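Encoded as structure tokens, the structure appears first; notes follow it.
The values are calculated or read from the model by the stated rules, or taken from the named source; none is laboratory data. On a predicted model such as this, the values are computed, not experimentally measured, just so you know. Counting neighbours? That spans all protein chains shown, and the Cβs are built from the backbone with ideal geometry, glycine included. The area values use the complete protein model at the heavy-atom level, side chains included, leaving out ligands, DNA and RNA. Shrake-Rupley method; radii C 1.70, N 1.55, O 1.52, S 1.80 Å.
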Amino acid sequence: MLGWHYVAQPALLVGHSMHPTLQSGDRVLVFKLVETAVGSWGRKLRRQDIVQCRNPGAPQHLLIKRLIGLPGDRLTIRDRRVFINDVVLDEPYKRHDSRWMDQSDAVFPDETRNVLAPTAFTMFDTWVRDGYLVVPPEHYFVLGDNRSTSQDSRLFGMVASDDILGVVVLVAWSFDSYQCQRTSDAGGCAFRSFRSARILLDPTR
């Protein structure tokens, strides 16, 4: 069991920032053997991976977000669409809840600098150039799938590679009884867990 702890560990998702891919109450499995600045072995991080990471503005808090910007990327958001190096990113998983919409949901970087942490001010002052965010080495830009309700890199800054704890690869089970009861799929929560595991491993499906 001790060896398994170093490979993967469970985590509980609280909140709706990753809806609809993940639901509040989902128990997920985090694969910890990933290639970061503190380890050159294991699975390489890929764009659109769902990761568990530390909040750069409050490192004691762990988050689950989607990895969008990689080191060296020139990133911008226009009309709610993410552009990486001037190419729009295909994101079939994302959602926008207009009840919570603000400027950062539609445009990034934006002049309002609607930020939550000093780390975000550093990001704007140091890494925003000619209307683009340039992702520096050993850092990543993360977003929630539910863009209008998510507190993510737009508000607290980029995540250092050594603050990424692992990749979420599986929904082990969901204990949100309301969500389980309202699903129309046969098998309830167990079927949803299987379906979500496939989505996490291939976000374009």
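Things worth noting here:
- Filtered residue count, the range 119-133, keeping only those that are small (Gly, Ala, Ser) and over 20 Å from the mean Cα position of the chain (by Cα): 1
- Per-region count, the range 59-80, residues modelled with pLDDT of 95 or more and over 16 Å from the mean Cα position of the chain (by Cα): 4
- Some residue of the range 63-74 being open to solvent by 10 Å² or more (accessible area, probe 1.4 Å), small (Gly, Ala, Ser) and assigned to a strand (DSSP E or B): no
- Evaluation of TRP173 against (1) within 18 Å of GLU91 (Cα to Cα); (2) not in a helix (DSSP H, G or I); (3) not aliphatic (A, V, I, L, M) (one fails), failing number: (1)
- Restricting attention to the range 128-143, the residues being touching a Lys or Arg at 6+ places or on another chain (Cβ under 6 Å) and surrounded by 22 or more Cβ atoms within 10 Å (Cβ to Cβ) number 2.
- Residue within the range 41-58 that is closer than 18 Å to LEU155 by Cα, modelled with pLDDT under 90 and not in a loop (DSSP other than H, G, I, E, B) present: yes
Yes/no matrix, rows are residues, columns are (1) modelled with pLDDT under 90; (2) open to solvent by less than 20 Å² (accessible area, probe 1.4 Å); (3) at positive phi:
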{"residue": "ASP145", "(1), (2), (3)": "no, yes, no"}
{"residue": "CYS180", "(1), (2), (3)": "yes, no, no"}
{"residue": "SER184", "(1), (2), (3)": "yes, no, no"}
{"residue": "SER193", "(1), (2), (3)": "yes, yes, no"}
{"residue": "ALA197", "(1), (2), (3)": "yes, yes, no"}
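- Only one entry in VAL87, VAL82 is closer than 23 Å to ASP130 by Cα and buried (at least 17 other Cβ atoms within 10 Å of the Cβ), namely VAL82.
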